[in-house]
Amino acid sequence: MRRWRVASRAGLPRGEGPWPWLAAGSLALSLLMLAALLLLLAGRGLGHFWPAPVELVTLDDGRQLAGQRVREERRQTLQGSPLRERLYRTGNRDLEGDAWRWVPVASIATHEHPADWAVIERQRWGELIVRPLALEENGRRLTEAPLWESFTARLARVQALRVERDALRRQVIAPLARHLAAGHEDAEAQARLAEARARVGELQAAMARDALVVESAAGERLSVPLEEMVAAWRPNAMSPLQKLAAWGANLWHFLSEGPRAANTAGGVWPAIFGTVLMVLLMSVLVTPFGVLAAVYLHEVAPQGRLTGWVRIAVRNLAGVPSIVYGVFGLGVFVYGIGGRLDEWFFADSLPSPTFGTGGLLWASLTLALLTLPVVIVATEEGLARIPAQQREAALALGATRAEMLRRVVLPMALPAMLTGVILAIARAAGEVAPLMLVGVAKLAPQVPLDGDFPYLHLERKFMHLGYHVFDVGFHSGDVEAALPLVYATALLLVGVILVLNLTAILLRHHLRMRHARLRSR
Amino acid sequence: MSETLLSRASGARPAVIEIPAAASCLAIDDLSLRYAGQSALEGLSLRIPRHAVTAFIGPSGCGKSTLLRALNRLHDLNDEVTQSGRVLLEGEDIHGPGVAVAQLRRRVGMVFQTPNPFPMSIYENVAFGLRLQAPLKKRRRDEIIEWALVSAALWDEVKDRLHDSAWTLSGGQQQRLVIARTLAVQPEVLLLDEPASALDPISSLKIEELIRNLKSRLSVILVTHNMQQAARVSDYTAFLEGGELVEYAATDDLFTNPRLARTEDYITGRMS
Ligand SMILES: Nc1ncnc2c1ncn2[C@@H]1O[C@H](COP(=O)(O)OP(=O)(O)O)[C@@H](O)[C@H]1O
Ligand SMILES: [Mg+2]
C-alpha cells in the first residue's frame, strides 16, 4: 500500500509493464477528443459573430464584387485541371439572387479593404454588403456630413421608436384587445385601445421617415428604409476593440432574440428557454416518483425474489432506446391521456387539439419516464449506504419506521437523490429523438411561460436546442448561412447542460457540507 | 472455547441471585432466541433491579448484545429472529398485544457501541426524541435539552456551540451526546452496549462516572467485556457464556467469591 503511494507520487509506477501507460494514454486521448470537440464548436460557432472584413474584389474581366471571405476549396474543372475556389458571403440576396459566390482564386485581379463599405442586417432578405451614398428624409436627399455618423444616429432613433412601439403593442394593445375579445362592453377600454392604435400609427410613420441610399459592387443602387434595418456596421473601419464590442453584441443578440429568416438568422432564445424549462419540469416530475419508487423498493417492500426481479427490470429500462419512449409518450400521453382531456375539458375547441397534440407537458413526462430508472438506481444506492447504526439509533429513540425514514434516512440520502437528478438531467437535456414525437417544434417564438393566465402553458409546443441544431442543419434552404449557427447552437447546448449540471452539483455539495462536515472523524 | 468445556458447562444449573419482584424493573423469564435457527440465547431467567447498575459480562459472541436488543424489541426488524419466553417491563409483557413498540423503546433507551450521532446539530440531536412526541414549547424543550446535556456531563463543553454539527465532537463527546439524546426522552431503563469500548481511557472513565451518577434516576444495564469496568461501576453482575446465564450475583460477591468454577475461570482470566 505504502509503496504504491510513494510510486504514484513520483509519477507512473515502474516495473509494472505497459498497463499504466496504456491507461494514462486512453485517458489523455479522451481528454484530447473532448477538447477538440469543444474547440471545433467554439471556433466555428463563435467566429461567426466576429465582424469579418469586407473585401472589394476586382476580377480579371473587370467585374467587381464585395463580400466576406468564408473559406477556400480545391476542385477539379470538367477538363480535370485543378482549380482553387474561394467562397464569399456577398449578401444582397434580393439584388443578386444568392447571398454566396464561389470565385476562382486565379481569376481575382486585385482585392482591397475600403473603409466605407458597410454590412447592413435587415429584417428580411438577410444582409446587404454595400457602399452607403446618401441619406433621404421623406424621399428628399440630405447633404448632412459626415454621412455614417448621421446615419447611425438616425438608425438609433428608429430603433428607439421600435422599442416604444413594441412595448405599446405588448403592454397596452394586447391586454385591451383580449379584454374586449372576452366579451366585455367597456367604452373606456375601447377608447384607450383606439388611442393606443393611433399612437402606434404615428410611431410607424415616424420610423418610415428615413432611408439610406446605397450602391452594390455590381453598381446597382437602391434606397433602404431605416425601418427595415436591424443593425449596420463598417467592419473595415472598426478598431479591434470596436470589433470585440460588436462581437459581444452579436453574441448577445444570438442568445436573447428569436429566430428570423426560417431559423437561419437571428437568435435562439426560445430554444434555450424551452430546453431549460423542459429539463426543469422533467426534474420536478421525475424526482418524487423516482425517490418514492426507490424508497418503496429498498425500505418498504419485503426483500425477496420479486423485488430482485423488479430491480433488474428497472435497471434494464435504462437501456431502452429513447425513441421507444417517444413512441410510448405519443401513444399514451398525447393520444391517450391528451385526447381524453380534450374530450372532457376542451370539447369546444375540437377538432383542433389542445392537449391531444405534442406539448411541453407530454415531452417533460416522456423524458421523466426515460430518466426514472437513473433516479431510482441512484437513490437506492444512497439508501443502501446509510449505516444501520443510524437507523437503529432513531428506532431506539422511539421513532416509528416512517419517522425514521423521514427524519434520518431521507435527509441522509438527499445527496444521492441529487446525484440521480444530475444523471437524469445529463441524459434528458441532450435527448432529441423522443421529443420529435411528443412536442418539440421547428418554430415556436412564443415561449411557454408568459404573463397570460395560467402563466405556464403546458400544452404549448416549444423549441429545443437539440432539435434546433437538427432543423437548422438539415432543413434550411441556406446551408452556408445555417452552418455556423449549427456550431454555435451545439456549443450552446453543451453550455446549457453544463450549467444545469453544475447547479445541481453545487446544490449537492452544499448539502453534503451541511451534513457531513466530519464524516472522516 | 473448547467443546468439552462447553458441554460440561451446559449441564450445570446457573447460580442466580433472586431480586424481589417489587424491587425490579425488568423481569426476563425463560428467554430463548435463535438467528435463523442458530441458537443465541438459551432459557435465560433473571430480574434486573431498579435504580441500580447491572452489568452483563462474558466472552465476545456469548449473546450480550443479543440479550440487550431483546429488551427493547430491536430484533423486531430482523425476520430471521425467532424468540420464546417473556420479558416483563414493570410487570407488563413487552410483546403484549397492547404495547406500542415506539412507546416501549422510549421507556427502554439504548446506547450502542460506536457513537452514532445524527448528521445534525448538537441541539437537534438531543431534540430528536422530543420532536417525535407531542410538540413542546421551545422554552420547555430548551430546558430538557440542557438538563439532558448536564446529566450526560457534556453541557459545559458544548453550551457555546449547540448549533454546530454533532460530527465536530470528539468520540468521547459524541458518546456522551448520544447518552444525552437518550436521556432527553426520559427512559426508565437505559441499555448501554459496550459504551466505552471505542473510546480512549480518559473518555472511558468519564462515561463510567456518568453511569454511576445516572442510577439515582433510572435503572442501567451495562454490557462490557472489561471486567475492571464492571467491577468499578456495577451493583450486580451477570456472567453469560455460550448464550446461557452462568452466574448472576451482587458485583462484589461475583468478583471476590464466585460460586461456580466456570465464573471463576473466566474472571481470573483463564478463559478470556
Ligand atoms: N444479526 C445476526 N444474525 C445472525 N447471527 C447473529 C446476529 N447477531 C449476532 N449473531 C450471533 O449471535 C451470537 C451472539 O452475538 P452477540 O449478541 O453480538 O454477542 P456479544 O455481544 O456477546 O459479543 C454470535 O454467535 C453471533 O455470531
Ligand atoms: Mg456485542
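Using only the Cα atoms of chain A, construct the convex hull and provide its projected area averaged over every direction, in square nanometres to one decimal.
Details: hull surface 160.0 nm².
So the Cα hull casts an average projection of 40.0 nm².
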Each residue of B:77-84 has, on average, a number of other protein chain C-beta atoms within 10 Å of its C-beta equal to 1
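Considering all alpha-carbon pairs of chain B, what whole percent are spaced by more than 36 angstrom?
Working: 5424 of 36856 pairs.
The calculated P(r) of chain B puts 15 percent of pairs beyond 36 Å.
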What aspartates and glutamates sit close enough to residue B:138 to cross-link, taking a C-alpha to C-alpha distance under 14 Å and skipping anything fewer than 8 places away on the same chain?
B:124, B:146
Per residue of segment A:161-178, what does 6.51 cos²θ - 1.76 cosθ + 1.60 with θ = phi - 60° give for ³J(HN,Hα)? Whole Hz please, x for Gly and Pro, Karplus curve as stated.
4, 5, 4, 5, 5, 5, 5, 4, 4, 6, 8, 10, 5, 4, x, 5, 4, 5
Report the full-extension gain for the segment residue A:28 to residue A:402: residue separation times 0.36 nm, less the Cα-Cα distance, to one decimal in nm.
129.8 nm
Just to check I understand the Karplus step: with θ = phi - 60° and J = 6.51 cos²θ - 1.76 cosθ + 1.60, what whole-Hz values come out for segment A:282-299, glycine and proline as x?
4, 5, 5, 7, 7, 4, x, 5, x, 5, 5, 4, 5, 4, 4, 5, 9, 10
Set the Förster radius R0 to 51 Å, insert the Cβ-Cβ distance between residue A:301 and residue A:256 as r into 1/(1 + (r/R0)^6), and round the FRET efficiency to 0.05.
0.55
Helix-derived [θ] at 222 nm for chain B: sum -39500 (n - 2.57) over DSSP H runs of at least 4, divide by residue count, nearest 500?
-10500 deg cm²/dmol
Could you list which residues have their amide H under 5 Å from that of residue B:24, counting only those 5 or more apart in sequence or on another chain, with H placed in the peptide plane?
B:50
So for the pair residue B:257, residue A:223, with labels modelled 7 Å out along Cα→Cβ, what separation do we get in nm?
12.9
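Given R₀ = 35 Å, FRET efficiency for residue A:96-residue A:142 by Cβ-Cβ distance, to 0.05?
Working: r = 28 Å, r/R0 = 0.79.
According to the calculation, E is roughly 0.80.
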Given R₀ = 56 Å, what would the calculated FRET efficiency be for residue B:113 paired with residue B:138, taking r from the Cβ atoms and rounding to 0.05?
0.95
Selection of GluC sites (Glu not before Pro), segment B:79-112, meeting DSSP coil and at most 15 other Cβ within 10 Å:
B:80, B:90
Of A:36, A:353, A:201, which is farthest towards the positive pole of the protein assembly as shown's charge dipole, taken about the Cα centre with +1 and -1 on the beta-carbons of Lys, Arg and Asp, Glu respectively?
A:36
What size of dipole, in debye to the nearest 20, comes out for the protein assembly as shown about its Cα centre when the only charges are +1 on Lys and Arg C-beta atoms and -1 on Asp and Glu C-beta atoms?
1220
Of B:64/B:137; B:64/B:159; B:64/B:206; B:159/B:215, those spanning more than 29 Å from alpha-carbon to alpha-carbon:
B:64/B:137; B:64/B:159
Compute the Kirkwood hydrodynamic radius of segment A:269-514, taking the inverse of the mean of 1/r over all pairs of distinct Cα atoms, and give it in Å to one decimal.
19.8
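Just add up the charged neighbours of residue A:352: K/R +1, D/E -1, any other residue whose Cβ is under 14 Å from the Cβ of residue A:352.
Working: positive: A:460, A:461; negative: A:342, A:343, A:348, A:459.
Local net charge: -2.
If exposed means no more than 13 neighbouring beta carbons inside 10 Å and the site is in a DSSP loop, what's the longest run of chain A without any exposed GluC sites (Glu not before Pro)?
On the way: sites that count: A:16, A:144, A:185, A:220.
No qualifying site falls inside A:221-521, the longest such stretch.
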State, to one decimal in nm, how far the label point of residue A:499 lies from the label point of residue A:108, with both points 7 Å from Cα in the Cβ direction.
3.8
I want to check the label-to-label distance for residue A:79 and residue A:195. Put each point 7 Å from Cα in the C-beta direction and report it in nm to one decimal.
7.7
Set of lysines near residue A:442 by C-alpha distance (under 29 Å), chain-local residues within fewer than 8 positions excluded
A:461
With DSSP loop assignment and no more than 13 other C-beta atoms within 10 Å, the trypsin sites (Lys or Arg not before Pro) in segment B:118-197 are B:137, B:159, B:161
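Using the Cα centre of segment A:55-256 as the reference point, and only Cβ charges (+1 on K/R, -1 on D/E), how large is the resulting charge dipole? Debye, rounded to the nearest 20.
400
Nearest 500 deg cm²/dmol is fine: what mean residue ellipticity at 222 nm does chain A get from its DSSP H runs of n ≥ 4 alone, each adding -39,500 (n - 2.57), divided by its residue count? Mind dumping the intermediate values first?
Values: 18 runs with 276 residues, N = 521.
That comes out to -17500 deg cm²/dmol.
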In order through segment A:323-339: 3J(HN,Hα) via Karplus (6.51 cos²θ - 1.76 cosθ + 1.60), integer Hz, x for Gly, Pro
5, 5, 5, x, 5, 4, x, 5, x, 8, 6, 6, 6, x, 5, x, x
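Each reported figure results from applying straightforward, stated rules to the coordinates on display, with no laboratory input. Note that this is a predicted model, so its numbers are computed, not measured. A quick note on method: Cβ atoms are made from the backbone with ideal geometry, for glycine too, and the neighbour counts reach across all protein chains shown.
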